[in-house]
Amino acid sequence: MTARPAIACLGAGRMGRGIAVAFAYAGHQVMLIDVKPRSAKEFAKLESEALGEIRRTLGSLARLGLLTDGDADAVALRVTVAPMQNSAAALGGVAIVFEGVPELVELKREVLAAASKLVRPEIIIASTTSTILVDDISSAVERPRRFLNVHWLNPAYLIPLVELSPGAATDPAIIGRVKALLEGIGKVPVVCAATPGYIVPRIQALAMNEAARMVEEGVASPEDIDKAIKYGFGFRYATMGLLEFIDWGGGDILYYASRYLEGALHSDRYRAPEVISRNMQEGRIGMRTGAGFLDYAGKDIDAYREQRLAALVDMLRHFGLARPPVL
């Protein structure tokens, strides 16, 4: 890909606008393409709404110190909106096309099929679906080797993580090109199999349902549950991954804690997966055995732990919770 290739988004709704801000901020020209037939008056209204929201978003980022008002104006000028009848011309010079229409399989297939006929064979096409499996729509795309899902987390212009989910026909080289493009705008891409929920939504759904269930059961108030998440769960996992934390304490601790919770709460939703007991049998307990989900061979574990503690201290400072000792 060229240094700053032009980007197209199929659909000028919330997702397309968020992606447009992310790429325009990083110096790319972005074309939002309307996918509905509209009168000139209707299109003018959509265009005004889309560009107005993008300008308001950039204004917020300016007030938060990420750019100046003058920079915000320059960034906004990189985004244009094209009507459906101009799709062919709008797609002519882009390097990658993101589909961002509502979560309806047939609508996505229709939009993707039409776009794939208008772009050159080497142009990458990506859906941004948060729920539909990539191979449920990949057959609509001409040359599906260039197609994959690129799942952004809202707000797309702020959250670093982007989940890439290739289909059965996706060329591995395409995955590499998309990763490089995203890394070039400051994102952190990860690759996951085409399974329902991908990574974050799957974990998030469990956590959100459990939080709601605790309110239902009277375990704690909504305010205290959210405080626990912000200053405990979220605080810790902002610097350390879930699997890394299992290794930190030891998979055996999770195994026995899970058995207790399963019995005490009378629910198999707390049951540890087979991989936990298998790792225990194989001696892959975590940091103290040199391997768990991650490999710690050759690492200075004491230094590694101190690095992680330093990250937590930085988080304490961020929240204004770091205090000097009382002497």
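Placing dummy labels 7 Å off each Cα toward the beta-carbon, the span from V190 to M84 is 3.7 nm.
The stretch between L242 and L316, if pulled fully straight at 0.36 nm per residue, gains 24.7 nm over its current Cα-Cα span.
Suppose only helical runs count, i.e. DSSP H with n ≥ 4. What mean residue ellipticity at 222 nm does that imply for the chain under -39500 (n - 2.57) per run, divided by all residues and rounded to the nearest 500 deg cm²/dmol? Walk me through the numbers before you get to the answer.
Numbers: 13 runs with 153 residues, N = 327.
Value at 222 nm, helices only, nearest 500: -14500 deg cm²/dmol.
Within a 10 angstrom radius of the beta carbon, how do E49, E163 rank from fewest other beta carbons to most? Show your work: numbers first, answer last.
On the way: E49 14, E163 18.
Starting with the residue having the fewest Cβ neighbours, the order is E49, E163.
Model label points for A74 and R288, set 7 angstrom from Cα along the Cα-to-Cβ axis, are 5.6 nm apart.
Shape of the stretch 238-318 from its Cα gyration tensor (a ≥ b ≥ c, root eigenvalues): rounded if a/c is under 1.5, otherwise prolate when a/b > b/c, or oblate? Since a/c reaches 1.5 but b/c is at least a/b, the shape of the stretch 238-318 is classed as oblate.
Per-residue extension of 0.36 nm, minus the Cα-Cα distance of A44 and L309, leaves a gain of 90.1 nm for this segment. In the chain, the convex hull through the Cα atoms has an average projected area of 22.2 nm², a quarter of its surface area. Neighbour counting of Cβ atoms within 10 Å sorts the residues S258, S87, S165, fewest neighbours leading, into S258, S87, S165.
Give the order of H318, H28, H266 when sorted by the count of other beta carbons within 10 angstrom, beginning with the fewest.
H266, H318, H28
Throughout, read-outs are computed from the coordinates displayed, never taken from laboratory work. Since we're looking at a predicted model, the values are computed, not measured. When we count neighbours, we look across all protein chains shown, and the Cβ atoms used for this are built from the backbone with ideal geometry, even at glycine.
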